[in-house]
Each structure stands twice: as C-alpha cells, then as structure tokens.
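*Asks:* Sharing a structure below in structure tokens format, with a few things to ask.
The values are calculated or read from the model by the stated rules, or taken from the named source; none is laboratory data. Remember, it's a predicted structure, so these values are computed and weren't measured experimentally. Neighbour counts are summed over all protein chains in view; Cβ atoms, including those assigned to glycine, are modelled from backbone coordinates with ideal geometry.
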Amino acid sequence: MKLNSIGLDEKKSKALSNDLNTLLANFQRYYQNLRGIHWNIKGKRFFELHPKFEELYNDANLKVDMIAERILTLGAVPLHTFEDYSEHSKVPVGKNVTKDEEAIRLIVDSLKELLVIERKILDDSAAADDEGTNAMMSDFITEQEKTVWMMKAWLAEEI
C-alpha cells in the first residue's frame, strides 16, 4: 500500500476524492438553487424567506470551498466547470421558483440528495481511516438533518 503525503492510502484517497467531487458538483447546484430562490421569492413570506435563503447560500458557499480544499488535500483536483457540475449532479434544478412552499420543498429535496452522498463518503472515509473527511461529513450531516427537520416543520409535514 502506497501512502500519500498525509499518510492515507493513495487508492482510497483517490476514490474519496471522486466521491467528494460528486458532492462538490451537487453542492454547486444546491448553491445556485439557493441564489435563485433568494432572488426570485415572492409573496407574503418574502421578508421571512429572503434572508433565510441568503443564510443558506452563504453556508453552502463555505461548504463548497471546504469540499474543494479537502479534495486538494487528498491530492486530487476539484471539479470547477458548469459542465462537470451538470454531469455529476443529482440535485434537482430549481428554475424560476417564486413560491414559498416550492422553494422550501426544493431545499428539502436537494438536502436529501446531498445527505445520501455524504453518508456514503462518511462510510468510505471511516474505512480509509480518513478522519479529516469523516469529521467534515459528520458535521455536514448533522447540520443538514436539522435544516431538513426545520424546513419540514415549516411545511407542517412530518420528517
């Protein structure tokens, strides 16, 4: 087994980097969705939702950077083109979303996709003894599960 400069198995790090690039692509689409609903939201809940969507897209932007930097730390290159993001993303595209419930549902659906990817990375990073990636995924999952719960509460739906 050949180790990289941070003491991890190179093959496992490459596989984790590929999964992290998939997560990066999906986070970029999620981020762009949040920007769109922030700009386009209309209705009686505008003053409630507009700043909430800004909070969420600022957080997503930070996470995009963290993911890309982790990919670099593992010795790989982060995806960085819209073509790559479209090719690797499963997060739904939110185009011209103006209604509050549709916007919140888009967030919940997007987070569901991100959580599936993150749980796979969490399992694989644990198996690779990659505590850096593992801790990041654990933190992301904890935050996003809470966001899903809050959004579902806003929709008056059960988890």
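*Asks:* Hey, does the range 33-55 have a residue that's under 11 Å from the mean Cα position of the chain (by Cα) and either within 17 Å of Gln144 (Cβ to Cβ) or not basic (Lys, Arg) (or both)? Write out each step before concluding.
*Replies:* Kept after step one, since they are under 11 Å from the mean Cα position of the chain (by Cα), are these residues of the range 33-55: none.
Checked the range 33-55: no residue is under 11 Å from the mean Cα position of the chain (by Cα) and either within 17 Å of Gln144 (Cβ to Cβ) or not basic (Lys, Arg) (or both).
*Asks:* Which number in (1) assigned to a helix (DSSP H, G or I); (2) touching a Ser or Thr at 6+ places or on another chain (Cβ under 8 Å); (3) closer than 20 Å to Val148 by Cβ marks the one condition that Pro92 misses?
*Replies:* (1)
*Asks:* Test Asn58 against the criterion of being surrounded by fewer than 21 Cβ atoms within 10 Å (Cβ to Cβ), under 24 Å from Leu115 (Cβ atoms) and either in contact with a Cys (Cβ under 6 Å, 6 or more places away or on another chain) or at pLDDT 95 or above (or both), and give yes or no.
*Replies:* yes
*Asks:* Now, a different point. Say we look at the range 113-144 and pick out the residues that are at negative phi and assigned to a loop (DSSP other than H, G, I, E, B); which of these is surrounded by the fewest Cβ atoms within 10 Å (Cβ to Cβ)?
*Replies:* Only one residue tops the list, namely Ala128.
*Asks:* Please find, within the range 1-53, the residue that is farthest from Leu74 (Cα to Cα) out of those that are among the β-branched types (Val, Ile, Thr) and part of a helix (DSSP H, G or I).
*Replies:* Ile37
*Asks:* Just to be sure, is Phe140 more than 12 Å from the chain's Cα centre (by Cα) and among the aromatic types (Phe, Trp, Tyr)?
*Replies:* No, not satisfied.
*Asks:* Moving on to the next point. Quickly run through the range 1-37 and pick out the residues that are touching a Pro at 6+ places or on another chain (Cβ under 9 Å) and not basic (Lys, Arg). Show your work before the answer.
*Replies:* So in the range 1-37, the residues touching a Pro at 6+ places or on another chain (Cβ under 9 Å) come out as 17, 20-21, 24, 29, 33.
Scanning the range 1-37 gives Ser17, Leu20, Asn21, Leu24, Asn33.
*Asks:* Residue under question is Leu79, and the condition is that it be among the aliphatic types (A, V, I, L, M), without any contact (Cβ under 8 Å) to a residue 60 or more places away in the chain and in a helix (DSSP H, G or I); does it hold?
*Replies:* In short, no.
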